[in-house]
Amino acid sequence: MKLPKSTYNWLSILGASIAIIAFFLIVFFFVISVLFDQGSSYMGLIIYLILPTFMVIGMLLIPIGMLIQIRRKKNQIFIAEGMKWPRVDLNDSKHRNAFTLFVVISFLFLFLSSIGSYEAFQYSESVPFCGTLCHSVMEPEYVTYQKSAHAKVACVECHVGSGADWYVRSKLSGLYQVYAVAVNNYPRPIPTPLADLRPAQETCEHCHWPEKFYSNRIKKERHYLTDENNSEWNIQLSMKTGANHHTEKLSEGIHWHINPDVKIEFMSTDNKSEFIQWIRYTNLATGEIQIFEDNMMPPDSSFFADGQLHEMDCMDCHNRPSHIYLSPPDYIDASLSKNDIDKNIPFIKLAAMEALKEIYVSKDSANLGITNSILNFYQENYPDILTKHEPKISQAINAIKSAYHENTFPEMKVRWDVYPDHKSHIETQGCFRCHDDNHVSKEGKIISKDCNLCHSIIAQGKPDSLNMAFSSENMEFIHPVYIGTDWKDYSCVDCHAYLYP
């Protein structure tokens, strides 16, 4: 079986060489990744995207070269008689062999292309592709995702969801993102894509059933003070997720906000919805409508011109379901609780807080700064403690650096306060964006700041002197450090925002 003479040209030969080399490289790398488990996000990029592109380009060069060769040899005939369609006569052995070769190669190409296209699609939808391909850009999201409650849920399940329309939208958006990364023209930190995410009803509610009754749950928190003994302070809360009895469904409790008979809309002029000045409550069963306005920052005409009306859904409170960046007090408390940091080292919590007040511009500067800060803290204030606990302090420094790198990413300018968590009210406004005693309706109804609407304290204090509440009793909050009644007069965020210089 001979190839047509038109294939004997440098362009077709070059194309065939590129296609053959790319094909064998695809097979080679695929075998390596499968048999020897040597795959990575970059290996997948080469196997399913880069090499197939070169193979297709090479195969396209073959017919292009043939056409150029035919045109070159029969140029005079084409000029004289005009362009004619090629004739295929299967009774001619040459035509038959060429046609057979064309059909076989086309079938193999289409078959392998379909497999490759499917694998490329699967790869582009995978977590490693989303999280590790652009390592420095997506590192904050990927690291926090791996330790989240959704670590087994693929990124595309929430960021894309089902349906061809959202898939196309995400890929078109991704093209610009690839360009921005290639030319190093992207914002640091990456903005939260709230405006580009599809509604929670089309993503979250595939797994989470809003109408289901969720009983109250016990939440136990363990904190450590910055005194010499790193004193432990515990608090246990009964979270009022739903009503007290399943027959009452969503008539009260935290999930009242997603009651199907209730519609809550709000307006905010900032893209993070941190400052909500206008709220409209609609009872869909009775038709009752109430409008609440912030009497501390009353909305004016410019507010209504710039603000966007938004209907409340799950993401307005659970806005960090997979990418949670803990603040320094929180992740140091977690390390102390896990014994990654020895609680018996005097003042270690205070030393850690002093070290983490600084803003570091890179991982290396953070490692050096944290080490020097903690060592200097003990050398200047408690040299005897440093001498006695030096090995434990060195181990604690490594644990502090590790916890820092799991929650703070200097190169991307990402830390806990860049992406505030609205599900609480300690270090961000969260619940207090609406529940602040300042949102009042014309009828005089107030959106209450009463913490007992959402949870009841059932135990609090040091482990050896824990105060326990009686059944169905709402215990008044006790601040670990005595500050009088200031905790009643101010929001928690006013002090716990852990302000940096």
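Worth a mention:
- Model label points for HIS405 and HIS246, set 7 angstrom from Cα along the Cα-to-Cβ axis, are 4.7 nm apart.
- Take the Cα of GLU390, go 7 Å toward its beta carbon, and the backbone nitrogen atoms of the range 338-375 under 18 Å from that spot belong to 345-346, 371-375.
- Local electrostatic count at PHE347 - Lys and Arg +1, Asp and Glu -1, tallied over other residues with Cβ under 14 Å: -2
- Lacking any other cysteine beta-carbon closer than 4.7 Å, the following Cys residues of the chain have no compatible partner: CYS134, CYS158, CYS204, CYS207, CYS314, CYS317, CYS431, CYS434, CYS451, CYS454, CYS492, CYS495.
- As a rough guide to protection, the peptides 318-329, 19-30 ranked by mean Cβ packing within 10 Å, highest first, stand as 318-329, 19-30.
- Listed by Cβ neighbour count within 10 Å, with the fewest neighbours leading, ILE483, ILE18 appear as ILE483, ILE18.
- A Förster radius of 25 Å combined with the Cβ-Cβ distance from GLN146 to SER215 puts the calculated FRET efficiency at roughly 0.25.
- Amide H partners (placed H, <5 Å) of ASN319, local residues excluded: HIS422, LYS423
- Built from the Cα atoms of the chain, the convex hull projects on average onto 37.6 nm², one quarter of its surface area.
- In summary, the helical segments of the chain meeting the span-like criteria, namely a full DSSP H run, a Cα extent along the axis of 24 angstrom or more and a mean Kyte-Doolittle hydropathy of at least 1.6, are 10-35.
- Taking the Cα centre of the chain as reference, the dipole from Cβ charges on Lys and Arg (+1) and Asp and Glu (-1) amounts to some 3400 debye.
- When only alpha carbons are used to place a centre, the range 435-467 and the range 348-420 end up 34 Å from one another.
- Cβ-based charge dipole, the chain, positive-most Cα from LEU133, ALA200, LEU309: LEU133
- Taking the average, over residues, of other Cβ atoms within 10 Å as the packing measure, peptides 141-148, 287-294, 184-191 rank 141-148, 287-294, 184-191 from highest down.
- Summed side-chain charge close to LEU326 - residues other than LEU326 whose Cβ falls under 12 Å, Lys, Arg +1, Asp, Glu -1: -3
- The LEU112 and GLN201 beta-carbon pair, evaluated with R₀ = 35 Å, returns a calculated FRET efficiency of approximately 0.30.
- Placing unit charges on the Cβ atoms of the charged side chains and taking the dipole of the range 328-412 about its Cα centre, the candidate lying farthest along the positive direction among TYR404, ILE332, ILE385 is ILE385.
- Charge sum, other residues only, whose C-beta stays under 11 Å from TRP487's C-beta, Lys/Arg counted +1 and Asp/Glu -1: -3
- Label separation (ALA285 vs ASN381): 5.6 nm, computed from points 7 Å beyond Cα along the C-beta direction.
- Using just its DSSP H runs of length 4 or more, each adding -39500 (n - 2.57), the chain gives a mean residue ellipticity at 222 nm of -13000 deg cm²/dmol after division by all residues.
- Of LYS240/LYS445; LYS152/LYS357; LYS152/LYS462; LYS357/LYS392; LYS249/LYS445; LYS147/LYS219, those spanning more than 29 Å from alpha-carbon to alpha-carbon: LYS152/LYS357; LYS152/LYS462
- Relative contact order for the chain, counting Cα pairs under 8 Å that sit 6 or more residues apart, in percent: 13
- Exposure proxy for SER93, SER441: other Cβ atoms within 10 Å of each Cβ, ordered fewest to most, give SER93, SER441.
- Label-point separation, HIS318 to HIS257 (7 Å along Cα→Cβ), nm: 1.2
All of the numbers you see were taken from the coordinates with simple rules; none came from a lab. Keep in mind it's a predicted model, so treat the numbers as computed, not measured. Methodologically, a virtual Cβ is constructed for each residue, glycine included, from the backbone with ideal geometry; neighbour enumeration extends over all protein chains shown.
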